[in-house]
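Since the structure comes first, as structure tokens, the remarks are kept for the end.
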2 protein chains.
Amino acid sequence: MPFITGDVPSCSPERPIFSVILGNTLLSTIPGLSGAGPDPEKTLLTPNLDAELVTTGRITSLPLKPNTPTGCPTPATIARAMTELTGIPPLFINAGLKNRMTVPFIDALGEPGNDPRKGDAVPQAKTLYAHGREIGRFLSRTSDLLVLGECVPGGTTSALCVLRALGYPASVSSSFVKNPVNNKEALCQEALARLAKKPVGDPLEIVCRVGDPMIPVAAGIAESYAGTLVLAGGTQMLAVCAVLKAMGRPLPTVATTIYVKEDRSANVEELASRIGVGICYVDPSFGTLGHPGLARYCEGEVKEGTGAGGAMCLAYMMGYTPQQIQEKILATVEAYS
Amino acid sequence: MPFITGDVPSCSPERPIFSVILGNTLLSTIPGLSGAGPDPEKTLLTPNLDAELVTTGRITSLPLKPNTPTGCPTPATIARAMTELTGIPPLFINAGLKNRMTVPFIDALGEPGNDPRKGDAVPQAKTLYAHGREIGRFLSRTSDLLVLGECVPGGTTSALCVLRALGYPASVSSSFVKNPVNNKEALCQEALARLAKKPVGDPLEIVCRVGDPMIPVAAGIAESYAGTLVLAGGTQMLAVCAVLKAMGRPLPTVATTIYVKEDRSANVEELASRIGVGICYVDPSFGTLGHPGLARYCEGEVKEGTGAGGAMCLAYMMGYTPQQIQEKILATVEAYS
């Protein structure tokens, strides 16, 4: 299999940046909805721990290893491996976290997203979009390629709500092997029913009602960023693209892993095609590396996150070979075992 | 008079960044010590309002104009004029603020500094230094020149304590026309007496005992930044240089205004010479522009702040003429009158 397939970004970056937008939505605390953490309440802390790991190479604020309960290396370990390989320090952007960060970050001044069944999910969506634009302006001055990932536990469900509200027949992916489709579907129906009582057309108003804080920050950055933008993620980043399209803005490229494409409970390829956004898929052949935890990615666990697919894509664009990328990931995750 | 005198940075920047480290020290709330705000308690909010003004061009979170009580344009208006002229969006770094920011910023995860007479001023100084290093690593990837200012009301007094503790015969500048030298001196003596009870040699330990949160963040950035670094400020930035020198680190260049050099209550030139750091002085001829508020800079009011001297120096290094710089400042401050 080729290392990357699909619409591979064609630029040769001289000054690339790798950044990850972090956010919470209270959706992740609903039991059974998010696999991004050891238990529902602790999913809120996952972005903070990911940032700590990718920045420093260690989780020091809690006695934890960066593995899922089943021993699968988190996508943050892959992002960390790629920042070590490329020498590009990561830049984290806080779109709305419940817990205090332990490493430096850009603050977009948001709050955790609310349950869209109960009230507006992101009341400050327009402000977050404006703050995203400010951040994009700064990053434009300093880079020619921005690979922008996300870490929002529960974020596939808010992405589902936004995509459906914008009229797309979306099915979204999951970090669980068995996608809790029925739970997500029921929640989405309830959120959309609330939205239907007072319908809105403005895409940012839809994000305000049923989205999460990552979406408007990413959309704002996409609006103002002057270089090549690669959104690193699966269905969540497609929700950002759908918002941009509804706003009449140019679309970036999306980069994700083959494991998201192969998720039969989701329809990533179809969605990308309907939105009209180019998407590429990295296949790091985790099944052949001899690491049982990485091999679980091929069975559908984790799949993607913390910009891992985009981070591998970036290393490839910078000229690292698939073998160098795989060896670095293997060495990194083995050090955490 | 020439526009810049002294050790003018010689690089021709292709990708410059203008950044300002913001911080609080509770020293600014002591009546009579800081002129950076309409009253002692409100000095704590000055960095937040400066960041809002420089980023957005307006102060919207409070019904305030960016002028001192005597009608003197704040240095933030000068920094704003220069970001408009050069098209370089500002990057604010929060080293430890009491109040919530209203525009995006990089969070170095600090707290306001304490009164050094009563306890350790910056208990987390070493962590802030490490966070500064992370920020400097990121900025190194994305720029070849970093002009780094500060806004810390009360910060000349913490700078005085650090410089004296490091053995320099320092007299520090002030944003008041009449420098409250006696107040600062008495406070410094008391802080140093406390330090003497349990003396320390490690420069960061001295910052921990008697400094403010800006100093370790700036020192950390200076340690890791790979491009040309210009510290934009007067005696406060000399305190950062003194810490760097005591740590055996290479020294950056300092850029400030002629009004700081001309402050007879301070000894900036002598201090820079003793530390062995190059310093340059921008003379924007505010007395000749026909604006009574700007003319007050020549009488010793405000003098510098929010990286204003460095921002003018940066515009000059980028090829703007003194006349273009002066006209832009005049147009900007007149719009706020």
Here are some residues: A:Gly287, A:Gly309. Which one is surrounded by 22 or more Cβ atoms within 10 Å (Cβ to Cβ) and either under 21 Å from A:Ala76 (Cβ atoms) or without any contact (Cβ under 8 Å) to a residue 40 or more places away in the chain (or both)? A:Gly309
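Conditions tested, residue by residue: (1) closer than 22 Å to B:Gly305 by Cβ; (2) among the basic types (Lys, Arg); (3) at pLDDT 95 or above.
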position	(1), (2), (3)
B:Val152	yes, no, yes
B:Ala165	no, no, yes
B:Pro169	no, no, no
B:Gly233	yes, no, yes
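Test of understanding: among B:Val230, B:Val260, B:Val268, which residue is farther than 28 Å from B:Pro38 by Cα and open to solvent by less than 10 Å² (accessible area, probe 1.4 Å)?
Numbers: B:Val260 fails: farther than 28 Å from B:Pro38 by Cα; B:Val268 fails: farther than 28 Å from B:Pro38 by Cα.
Sole residue among the options that is farther than 28 Å from B:Pro38 by Cα and open to solvent by less than 10 Å² (accessible area, probe 1.4 Å): B:Val230.
Has region A:121-129 got any residue that is away from every other protein chain (no Cβ under 14 Å), aliphatic (A, V, I, L, M), touching a residue at least 40 places away in the same chain (Cβ under 8 Å) and surrounded by fewer than 18 Cβ atoms within 10 Å (Cβ to Cβ)?
Taking region A:121-129 first, the residues away from every other protein chain (no Cβ under 14 Å) are A:121-123, A:125-126.
After this cut, where a residue has to be aliphatic (A, V, I, L, M) as well, the list is A:121-122, A:125.
Narrowing the set further to residues that are touching a residue at least 40 places away in the same chain (Cβ under 8 Å) leaves A:121-122, A:125.
Pick out the ones that are also surrounded by fewer than 18 Cβ atoms within 10 Å (Cβ to Cβ) and you get none.
No, that holds for no residue.
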Among helices (runs of 4 or more DSSP H) entirely within region B:199-254, at least 1 residues that are free of Cβ contacts under 8 Å to residues at least 60 places away in the same chain occur in B:203-210, B:235-246
Based on what the data block shows, is B:Met82 of a type outside the set (Lys, Arg) and either more than 14 Å from chain A (Cβ to nearest Cβ) or crowded, with 22+ Cβ neighbours inside 10 Å (or both)? yes
For region A:312-337, enumerate the residues that are of a type in the set (A, V, I, L, M) and crowded, with 19+ Cβ neighbours inside 10 Å. A:Met312, A:Leu314, A:Ala315, A:Met317, A:Ile325, A:Ile329, A:Val333
Of the residues B:Asp212, B:Asp202, only one is open to solvent by 30 Å² or more (accessible area, probe 1.4 Å), more than 16 Å from B:Leu271 (Cβ to Cβ) and at pLDDT 95 or above; which? B:Asp202
Among all residue pairs at least 6 apart or on different chains, which show Cβ distances below 7 Å where the first residue, located in region B:131-148, is at the interface with chain A (Cβ under 9 Å from one of its Cβ atoms) and of a type in the set (Val, Ile, Thr) and the second is in a strand (DSSP E or B) and crowded, with 24+ Cβ neighbours inside 10 Å? B:Ile135/B:Ile93; B:Ile135/B:Ile106
Residues within region A:1-41 that are farther than 18 Å from A:Thr68 by Cβ and open to solvent by less than 10 Å² (accessible area, probe 1.4 Å), tallied: 11
Let me confirm something: among A:Gly87, A:Gly110, A:Gly96, which residue is open to solvent by 20 Å² or more (accessible area, probe 1.4 Å), within 25 Å of A:Ser140 (Cβ to Cβ) and within 14 Å of chain B (Cβ to nearest Cβ)? A:Gly87
Just to be sure I understand the filter: pairs with C-beta atoms under 7 Å, separated by 6 or more residues or on different chains, first member in region B:15-43 and closer than 23 Å to B:Ala311 by Cα, second member buried (at least 24 other Cβ atoms within 10 Å of the Cβ) and of a type in the set (D, E, K, R). Which pairs pass? B:Val20/B:Glu150; B:Ile21/B:Glu150; B:Gly23/B:Asp212
Close pairs from region B:97-112: first farther than 22 Å from A:Lys126 by Cβ, partner acidic (Asp, Glu), Cβ under 7 Å, at least 6 apart: B:Asp107/A:Asp107
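The values are calculated or read from the model by the stated rules, or taken from the named source; none is laboratory data. Computed from a prediction, not measured in an experiment: that's the story for all the values here. Because the Cβ atoms are built from the backbone with ideal geometry, glycine has one as well, and the counts that use them run over all protein chains shown. Please note that ligands, DNA and RNA were not included when accessible areas were found on the heavy atoms of the full protein model with its side chains. Shrake-Rupley method; radii C 1.70, N 1.55, O 1.52, S 1.80 Å.
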